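These notes concern the structure reproduced below.
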4 protein chains.
Amino acid sequence: MERLERLALDALPERAFAFLSTGAGELTTLRDNVEGWGRVRLLPRALVDVSDPNCRTTFLGAEVDAPIGIAPMGYQKVAHAEGEVATAKAASESGVLMTVSTRTSMPIPAVAEAMKGRPWWFQVYVLKDRSITEKLVDRAVEAGCGALILTADTPLVATKPRLAETSAGEFDLHLAELEGTAAEGSGRRDYEGLEQDPALDWSAIAWLKDLSGLPVVVKGILRPDDARRCVDRGADGIFVSNHGGRQLDSAAATADALGAVVKAVDEAVEVYVDGGIRSGIDVLKGLALGARGVFVGRPVLWGLAHDGARGVEEVVHALQTEFLEAMALAGAPRPSDVTRDLVARV
Amino acid sequence: MERLERLALDALPERAFAFLSTGAGELTTLRDNVEGWGRVRLLPRALVDVSDPNCRTTFLGAEVDAPIGIAPMGYQKVAHAEGEVATAKAASESGVLMTVSTRTSMPIPAVAEAMKGRPWWFQVYVLKDRSITEKLVDRAVEAGCGALILTADTPLVATKPRLAETSAGEFDLHLAELEGTAAEGSGRRDYEGLEQDPALDWSAIAWLKDLSGLPVVVKGILRPDDARRCVDRGADGIFVSNHGGRQLDSAAATADALGAVVKAVDEAVEVYVDGGIRSGIDVLKGLALGARGVFVGRPVLWGLAHDGARGVEEVVHALQTEFLEAMALAGAPRPSDVTRDLVARV
Amino acid sequence: MERLERLALDALPERAFAFLSTGAGELTTLRDNVEGWGRVRLLPRALVDVSDPNCRTTFLGAEVDAPIGIAPMGYQKVAHAEGEVATAKAASESGVLMTVSTRTSMPIPAVAEAMKGRPWWFQVYVLKDRSITEKLVDRAVEAGCGALILTADTPLVATKPRLAETSAGEFDLHLAELEGTAAEGSGRRDYEGLEQDPALDWSAIAWLKDLSGLPVVVKGILRPDDARRCVDRGADGIFVSNHGGRQLDSAAATADALGAVVKAVDEAVEVYVDGGIRSGIDVLKGLALGARGVFVGRPVLWGLAHDGARGVEEVVHALQTEFLEAMALAGAPRPSDVTRDLVARV
Amino acid sequence: MERLERLALDALPERAFAFLSTGAGELTTLRDNVEGWGRVRLLPRALVDVSDPNCRTTFLGAEVDAPIGIAPMGYQKVAHAEGEVATAKAASESGVLMTVSTRTSMPIPAVAEAMKGRPWWFQVYVLKDRSITEKLVDRAVEAGCGALILTADTPLVATKPRLAETSAGEFDLHLAELEGTAAEGSGRRDYEGLEQDPALDWSAIAWLKDLSGLPVVVKGILRPDDARRCVDRGADGIFVSNHGGRQLDSAAATADALGAVVKAVDEAVEVYVDGGIRSGIDVLKGLALGARGVFVGRPVLWGLAHDGARGVEEVVHALQTEFLEAMALAGAPRPSDVTRDLVARV
């Protein structure tokens, strides 16, 4: 992945790379996410027949070729002209789950079409003007979205002081869906209704389920009590995330928070995780700590920046290949074999 | 804050900067204070309505706009010609609590006036010649001081070996109050009565309360048993502090000591903390660990050195803005929502 | 050992050195193996009569001059023209146990002859074409092998991304036994039957015992439950190993895994360990954590690359001398005195 | 102390400095000794009357001006022409306890005379030819020695690989006592009887007590069970030490081992400690962890190398001054006030 990060650094204007890569505050959580997986040690099983390894699984019942997903990320045109469409093509080719951000830079139907019938989910930022959110959810439903991801860690967008010297305006921050919808609603890009709704609360789960008829996965959960409350409020899945270190700096690394959330959920719903995933070994660790699926963010953008859909495919393929090998070496030839006892108490 | 530290380094003679910045011994505690906050991880709450965040609170009943205070620091003319008056102006503008040191380089009434009726506290070094201390306390009371801070960690001033090559005499170490009073008492700056009273003991709390009629906060507490004794002896508040690493080197970082003190106090009185605070995230951590308010030292001097009152305002404004954002992102829109469960056991 | 590593680096083409030295993935386990021993602290015994220190012991009943063995390593001609024969000469001279890899670059009988009647074991990779494995085991038995080491952590050979830019083909990867046998079986070096058998399972222990009539030591065990199962399945010994960091990256360091395995085995069989051993102090730590013997890998290759049999003797002699001194200084003049209480809980 | 170390580095030939400074093996314990004290954090007491601090104490009943001793070190002429006599002068002037090594480079009576009636102890290496040890003990008793230190961690002298390239022969390794006595016994410097007796065991305590009529302190204890056995065997004191990292490398740091030894001893005898002491804060930590006295090694040699007796006095004076200040700042004005609760559990 380091090689791809360097290639992306070469492919992009410095400011664009910084915009995609940065984190909140002093980058504590950004770094701790990666280091968190690095602190996990494995206890592989010996002498297990791994002649038929298979990493297929399901996410909320939908079949995927690997327990790997594309984490929701907006503004993908900053990385590559084809943006989310290229990423979707790669996800579809690779058989992994795609997610589309509210802040997508390509229209939802175009992204959906690139998925060629494979499952994808829509990530929802609930905005002050809820009519906009409703329209976007409608468009996602119409385009065949399989589930909604309710982002629960962004009542406001955190400042990024390390990005301060970088003027974000010099590259294209086009928002394909939001701007169109906002235009209808207000005609202005700076329409206040486009801001995150800071009043968002637990009622949002039921609201989104009613609105869409889709399962809702709550993303941005780090606490066992919140995980429990998601279950009680009818969520269909939980996504352990600290927004890739881009929201509350000093928030716990997801590798550190995952285990307690999984324990609290007690198999009531599926748990996903993202943040700091850089290899198939990390994917194995995520599953061993109880995740159903592991989502990848920045490496996808690096691949996208480097070589469009082909670059993303390269990233996903590398992760999947490493994960398959890691499963075999760990004596866990199916995702369901990747259990808590593989993690060493070191 | 690093930017401001560099600006202060540029603004001041090297020796003046060293005098303000240094710590005792090998600087172990000086560094550990900062690292201590860095070791704390947060578990933000999801889906809390944070549309009306508000960081106002009270310190001993006095209203402040944020749970942030200016830590007591003497010799502020070393940083800027207006010294403590500039700091007070900024505190007053920002609505945060000011403290005035026994070793103030500006007269107490001038500092008090700059506060424009907003609350400030007087930090008391009890000196060998108690009559001097009494006079200073009288002057503080007369000027409208709201509480006394009894410094309990300085029976003598620790040597600063890392400052040894620096001759302190080349910049102005004028002591507006002490020198005036000493003149009355002895006529000489080196009057022994001006030294810290090493015989100071627990009776000082009652003595200061009787003398002033003001609440007394005991500063320099790191031990649960001492905290308990403060309560038993009638203190109105406790200030967890290791004097910014300027007294006993190797003393525990305040981030490490705070929790046990808060537990021992069991809400009997308010607990404050200083040492190593560099961001609004640190302020949030201090409150999460049980502090009522978090006091800031060196960054205030950096702002003061860089741009006088305006520089201090910049520092306080940055901390307050970061703290407000951190509260919202942590799902804790009021200081009273910032509770122990926000801290991860990592 | 650092000196010898540098000498080997000088003696070998860069790629050959990299091929011998590298590990899997990000080299996490490769490094952690060495650091793992470094984290162990010792509590030496005082005032023990150590006038007659003696490090002789037995491995599965066979007498060895020190609790040190040569870890199984293939392709030793990459390090030196005499390959495994040179290593065997040195092992025989030093009185330590030799092991011969399935991937030996010298014929088994030649290596066996160099052992001059001293004990050696044959390391078994079970291949897809089991008839090849059977032939090799037969040859080993015929040549006087004392025990078989069943490699249990290699259902497939892990990729070595850090070695990717290195073309392995430029030095001799001759496999004296496998190629001969494969020629019989298939006539082609790329015969699929030569690959590791990924279907290998616990039945392999009984199969190898029946086939050879020899004791079987299972290598690549890191988990207490697997260790227990080895005992239940009739293994005669357990070899705690992560394949020198060359298989599952992020696997626990052997120094961290050893203690729990030893406890689970509860003296039912002998336990051996390898991975990261760089000094006689490490040998002492291995024994203190419960190993019967400690096997050395890369340092042997360094000695071999530097000076053939003489270089290997130098390495073994250094380890043995350091171990003898460490035993005396620890107040443990016999291997049986090197017990768990010598390890500090730090 | 860093300044003095640099001055010593300037004052001595590189090899002489290396000879005095080095440790065994990879210098793990040498470094860990210093870092061990660095890991200890303090919880100072507030508002204690420290107007009359006093660091006088007794070592085995003998009065000393500070709980500081000169650790036993041989070959002091390597550091300075006056060797142990200079060190003794400084110890006497400073009122701290001197120890004289079996490997002293100055005659015992000369060193004793320099002590001017102040207490000093003789460090005993029991040699193969016990008649030599007996003669040296007799000479020490005759010269007024107050106690014997039985070195229990040196059944043989550890090799120092990091010193290997340094030829020790180029500076004076004169042994004032051993060579004279050996001459009587054998006439040859390489007489085998001069070597450490590796058969030394617990009977040595009674033997030395009978021989000398003096109290015996056993030095080189790191284990609670050994400490207990010292008490049971009649030792009058225990000296927690790993020989300054010069014997078993990887032995636990004395700061880490001290607490458990003190607990096991349960006040039956006095406990001393050395290893890694570099400041008066470290002295305070040693006492807080239960030591009666803290002995200083290398810094004394640095002072000696730099400026003879004056240099040693400077070192001792600095430690004593720092310790007095640390006592006051910790709210512990007497050595007996420096108790376990001053140490933070960080």
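Observations on the model:
- Failed item, numbered, when B:THR58 is tested on (1) buried (at least 22 other Cβ atoms within 10 Å of the Cβ); (2) out of contact with any strand residue (DSSP E or B) (no Cβ under 6 Å at 6 or more places or on another chain); (3) β-branched (Val, Ile, Thr): (1)
- For C:ALA66, the stated conditions hold: it is in contact with a Cys (Cβ under 6 Å, 6 or more places away or on another chain), at pLDDT 95 or above and not aromatic (Phe, Trp, Tyr).
- Among (1) open to solvent by 20 Å² or more (accessible area, probe 1.4 Å); (2) modelled with pLDDT of 95 or more; (3) among the hydrophobic types (A, V, I, L, M, F, W, C), the one test that A:LEU222 misses: (1)
- Residues satisfying the stated conditions in the stretch C:77-104, i.e. surrounded by 24 or more Cβ atoms within 10 Å (Cβ to Cβ), of a type in the set (Gly, Ala, Ser) and either free of Cβ contacts under 8 Å to residues at least 24 places away in the same chain or within 16 Å of C:ALA16 (Cα to Cα) (or both): C:ALA79, C:GLY83
- The set of residues from the stretch C:208-218 being open to solvent by less than 10 Å² (accessible area, probe 1.4 Å) and outside any helix (DSSP H, G or I) comprises C:VAL216, C:VAL217, C:VAL218.
- Residue within the stretch A:25-39 that is of a type in the set (A, V, I, L, M) and more than 30 Å from A:ARG162 (Cβ to Cβ) present: no
- A residue that is in a strand (DSSP E or B) and touching an Asp or Glu at 6+ places or on another chain (Cβ under 8 Å) cannot be found anywhere in the stretch A:29-38.
- B:SER21 being of a type in the set (Ser, Thr, Tyr) and within 7 Å of another protein chain (Cβ to nearest Cβ): no
- Note on the stretch C:256-274: residues that are open to solvent by 10 Å² or more (accessible area, probe 1.4 Å) and either over 15 Å from the mean Cα position of the chain (by Cα) or within 14 Å of chain A (Cβ to nearest Cβ) (or both) total 10.
- Close pairs (7 angstrom Cβ cut-off, 6 or more residues apart or separate chains): in contact (Cβ under 8 Å) with a residue 60 or more places away in the chain in the stretch C:280-291, crowded, with 24+ Cβ neighbours inside 10 Å and basic (Lys, Arg) anywhere: none
- Evaluation of A:ASP52 against (1) surrounded by fewer than 22 Cβ atoms within 10 Å (Cβ to Cβ); (2) in contact (Cβ under 8 Å) with a residue 24 or more places away in the chain; (3) more than 14 Å from chain C (Cβ to nearest Cβ) (one fails), failing number: (3)
- Per this entry, B:GLY276 is not counted among residues that are in contact with a strand residue (DSSP E or B) (Cβ under 9 Å, 6 or more places away or on another chain), under 19 Å from B:SER21 (Cβ atoms) and at pLDDT 95 or above.
- Single match in C:ARG229, C:ARG278 (criterion: farther than 29 Å from C:ARG45 by Cα, charged (D, E, K, R) and within 13 Å of another protein chain (Cβ to nearest Cβ)): C:ARG229
- Tabulated pairs, the stretch B:133-149, first open to solvent by 40 Å² or more (accessible area, probe 1.4 Å), second at pLDDT 95 or above and of a type in the set (A, V, I, L, M), C-beta under 7 angstrom, 6+ apart or interchain: B:GLU134/B:LEU211; B:ARG139/B:ILE108; B:VAL141/B:LEU214; B:GLY144/B:ALA112
- Selection from the stretch B:333-346 of residues that are within 12 Å of chain A (Cβ to nearest Cβ) and either in contact with a strand residue (DSSP E or B) (Cβ under 8 Å, 6 or more places away or on another chain) or crowded, with 24+ Cβ neighbours inside 10 Å (or both): B:LEU342, B:VAL343, B:ALA344, B:VAL346
- Answer from C:ALA11, C:ALA18, C:ALA24 - the residue that is closer than 24 Å to C:GLN76 by Cβ, open to solvent by 50 Å² or more (accessible area, probe 1.4 Å) and among the small types (Gly, Ala, Ser): C:ALA11
- Listed by position, the strands (runs of 3 or more DSSP E) contained in the stretch C:43-141 that have at least 1 residues being over 17 Å from the mean Cα position of the chain (by Cα) and of a type outside the set (Asp, Glu) are C:57-59.
- Residue among B:ARG228, B:ARG298, B:ARG233 that is open to solvent by 10 Å² or more (accessible area, probe 1.4 Å), farther than 23 Å from B:LYS135 by Cβ and within 17 Å of the chain's Cα centre (by Cα): B:ARG298
- Residues being more than 19 Å from B:ASP10 (Cβ to Cβ), within 14 Å of chain A (Cβ to nearest Cβ) and of a type in the set (A, V, I, L, M) - total across the stretch B:304-329: 6
- Number of the condition not met by B:LEU304 [criteria: (1) touching a His at 6+ places or on another chain (Cβ under 6 Å); (2) surrounded by fewer than 24 Cβ atoms within 10 Å (Cβ to Cβ)]: (2)
- Assessment of the stretch C:161-169 against the conditions (outside any helix (DSSP H, G or I), touching a Phe, Trp or Tyr at 6+ places or on another chain (Cβ under 7 Å) and at pLDDT below 95) yields at least one matching residue.
- Screening A:ASP138, A:ASP153 for residues that are of a type outside the set (Ser, Thr, Tyr), closer than 29 Å to A:PRO13 by Cβ and at pLDDT 95 or above leaves exactly one candidate, A:ASP153.
- Among residues of the stretch B:260-271 that are without any contact (Cβ under 8 Å) to a residue 60 or more places away in the chain and more than 11 Å from B:ARG228 (Cα to Cα), those with a beta-carbon under 8 Å from a residue that is aromatic (Phe, Trp, Tyr) and surrounded by 20 or more Cβ atoms within 10 Å (Cβ to Cβ) at least six positions away or on a different chain give the pairs B:VAL271/B:PHE239.
The values are calculated or read from the model by the stated rules, or taken from the named source; none is laboratory data. Just so we're clear, the structure is a prediction, and the values are computed from it rather than from any experiment. All Cβ positions, even for glycine, are placed from backbone atoms using ideal geometry, and neighbour counts span all protein chains on display. In case anyone asks, the SASA skips ligands and DNA or RNA and just uses the protein heavy atoms, side chains included. Shrake-Rupley method; radii C 1.70, N 1.55, O 1.52, S 1.80 Å.
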